[in-house]
Amino acid sequence: MDKRTPRLGDVQETLLIPLYARAVETRKPRGMLRDPRAVEMVDALDYDFSRFDGAKSLLGANLRTLLFDLWVRDFLERHPSGTVVEIGTGLNTRFERLDNGTVHWFDLDLPDVIALRRGFFEDTDRRRMIAASVTDPGWMEEVRSSSPGPYFLAAEAVLIYLEEELVRSVFRQIAERLPGARLALETAASRMVDTQDSHDVLAKVAARMRWSCDDPGALEHWQPGLSLTDSRTLAHLPAPVARRLAFHYRVLLRVMATIRRRDIEAYRFNLFRFPAE
Ligand SMILES: C[S@@+](CC[C@H](N)C(=O)[O-])C[C@H]1O[C@@H](n2cnc3c(N)ncnc32)[C@H](O)[C@@H]1O
């Protein structure tokens with residue numbers, strides 16, 4: 001079979017990292033997650049994925065994915081017909097993992113990514129792709145006018161690549177257009193952003209994180225009524241996520257949480273809730 005060459009901008013290329021992470025894990029006999037579509041897509045792409053081999057960050061990416069899955073699943077248990085927007089979806093397969101038969105779903109990313117994604121996924125009556133930047137509020141109008149709330153916005157490994165002013169404007173737009181929305185995103189503290197050139201996977205790509213945030217709690221001040229409802233590090237994940245990791249890595253994370261506490265604290269996964277109207 002002819003392989004497809006992904007033609008992607010620098011930030012867009014980063015989608016290949018979590019995709020590969022899920023494929024690697026799926027190929028293991030007792031991996032922490034199963035994503036056969038990720039294996040298919042990695043096999044179908046003409047890209048040198050071996051540059052990421054052996055990077056411990058792949059495990060971190062999978063733990064992050066499992067935590068975001070848990071948050072979305074929890075939302076869908078409360079709101080089975082709610083709407084999920086996967087912001088900066090890349091070639092993510094969260095819908096495949098979590099579809100409950102009634103959720104409304106949007107996969108949003110930049111046009112070159114959506115063009116690539118359309119080679120692997122199709123729109124259906126409950127799931128649509130949107131080619132747009134997260135910073136363009138037009139997508140919020142499209143979501144609001146065509147799909148019922150409440151809304152869950154999953155921005156996994158996306159906003160860290162934007163300048164802070166743009167992240168602030170995304171928060172402002174969400175508060176205005178999608179009141180009551182939940183927003184899941186990670187934050188990278190300045191010590192992580194400042195040392196990213198030696199990061200085990202980021203060093204292999206051209207994209208660079210732009211937004212550093214030392215205290216996700218401080219984002220509550222960005223919008224009146226915004227609340228941080230959960231915030232986790234890799235070493236403090238909910239049990240259903242943590243126990244998917246092999247025992248020796250769990251021990252390693254605990255040790256790191258003690259001897260390299262500031263490094264562990266520098267990377268956080270956060271769940272926000274915007275005030276309702
Ligand atoms: C590290 S990848 C994460 C992909 C996916 N969330 C996952 O976990 O598999 C970052 C993604 O964010 C997307 N992205 C970056 N800037 C964006 C923007 N301004 N608007 C929409 N998507 C963006 C990239 O194209 C890429 O797909």
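If you filter the stretch 68-98 down to residues that are of a type in the set (K, R) and under 24 Å from G119 (Cβ atoms), you find that the one that is nearest to the ligand (Cβ to nearest atom) is R94. Here is the figure for the stretch 137-158: residues that are in a strand (DSSP E or B), of a type in the set (F, W, Y) and either open to solvent by less than 10 Å² (accessible area, probe 1.4 Å) or within 13 Å of the ligand (Cβ to nearest atom) (or both) total 1. Within the stretch 101-121, the set of residues being of a type in the set (D, E, K, R), within 9 Å of the ligand (Cβ to nearest atom) and not in a helix (DSSP H, G or I) comprises just one member, D109.
Please return the ranges of helices (runs of 4 or more DSSP H) entirely within the stretch 160-277 where 1 or more residues are of a type in the set (K, R) and within 23 Å of L33 (Cα to Cα). Give the steps one after another, and end with the answer.
On the way: elements: 164-177, 190-194, 239-242, 247-259, 261-265.
Of the helices (runs of 4 or more DSSP H) lying wholly inside the stretch 160-277, those with at least 1 residues that are of a type in the set (K, R) and within 23 Å of L33 (Cα to Cα) span 247-259.
With respect to the conditions (1) of a type in the set (D, E, K, R); (2) within 20 Å of N62 (Cα to Cα); (3) open to solvent by 60 Å² or more (accessible area, probe 1.4 Å); (4) within 21 Å of the chain's Cα centre (by Cα), D215 lacks only one, and its number is (2). Any chance you could count how many residues in the stretch 23-33 are over 12 Å from F49 (Cα atoms) and assigned to a helix (DSSP H, G or I)? Of the residues in that region, 3 qualify. Of all residues in the stretch 254-276, those satisfying the criterion of being under 21 Å from the mean Cα position of the chain (by Cα) and more than 30 Å from R172 (Cβ to Cβ) are D263, I264.
Rundown of residues vs (1) of a type in the set (K, R); (2) within 14 Å of the ligand (Cβ to nearest atom), yes/no style:
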| site | (1), (2) |
| --- | --- |
| E163 | no, yes |
| V167 | no, yes |
| R172 | yes, no |
| A175 | no, no |
| A188 | no, yes |
| M192 | no, no |
| Q196 | no, yes |
| A206 | no, yes |
| S212 | no, no |
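Of all residues in the stretch 112-135, those being buried (at least 17 other Cβ atoms within 10 Å of the Cβ) and touching a residue at least 60 places away in the same chain (Cβ under 8 Å) number 2. Right, T65: more than 11 Å from the ligand (Cβ to nearest atom), open to solvent by less than 70 Å² (accessible area, probe 1.4 Å) and more than 17 Å from D200 (Cα to Cα) or not? It is false that T65 is more than 11 Å from the ligand (Cβ to nearest atom), open to solvent by less than 70 Å² (accessible area, probe 1.4 Å) and more than 17 Å from D200 (Cα to Cα).
For the stretch 1-12, filtered to residues that are aliphatic (A, V, I, L, M) and not in a helix (DSSP H, G or I), the residue that is nearest to the ligand (Cβ to nearest atom) is L8. Scanning the stretch 74-81 turns up one or more residues that are closer than 19 Å to A154 by Cβ, in contact (Cβ under 8 Å) with a residue 40 or more places away in the chain, surrounded by fewer than 22 Cβ atoms within 10 Å (Cβ to Cβ) and among the small types (G, A, S).
Is there a residue in the stretch 229-249 that is modelled with pLDDT of 95 or more and under 17 Å from V170 (Cα atoms)? Checked the stretch 229-249: no residue is modelled with pLDDT of 95 or more and under 17 Å from V170 (Cα atoms). Identify, please: which residue in the stretch 13-58 is closer than 15 Å to V241 by Cβ and within 14 Å of the ligand (Cβ to nearest atom) and is, among those, surrounded by the fewest Cβ atoms within 10 Å (Cβ to Cβ)? Looking at the filtered set, the residue picked out is L33.
The values are calculated or read from the model by the stated rules, or taken from the named source; none is laboratory data. Given the structure is predicted, the values throughout are model-derived calculations rather than measurements. Here Cβ is always computed from backbone atoms with ideal geometry, including for glycine, and neighbour counts include all displayed protein chains. These accessible areas exclude ligands, DNA and RNA; they are computed on the full protein's heavy atoms, side chains included. Shrake-Rupley method; radii C 1.70, N 1.55, O 1.52, S 1.80 Å.
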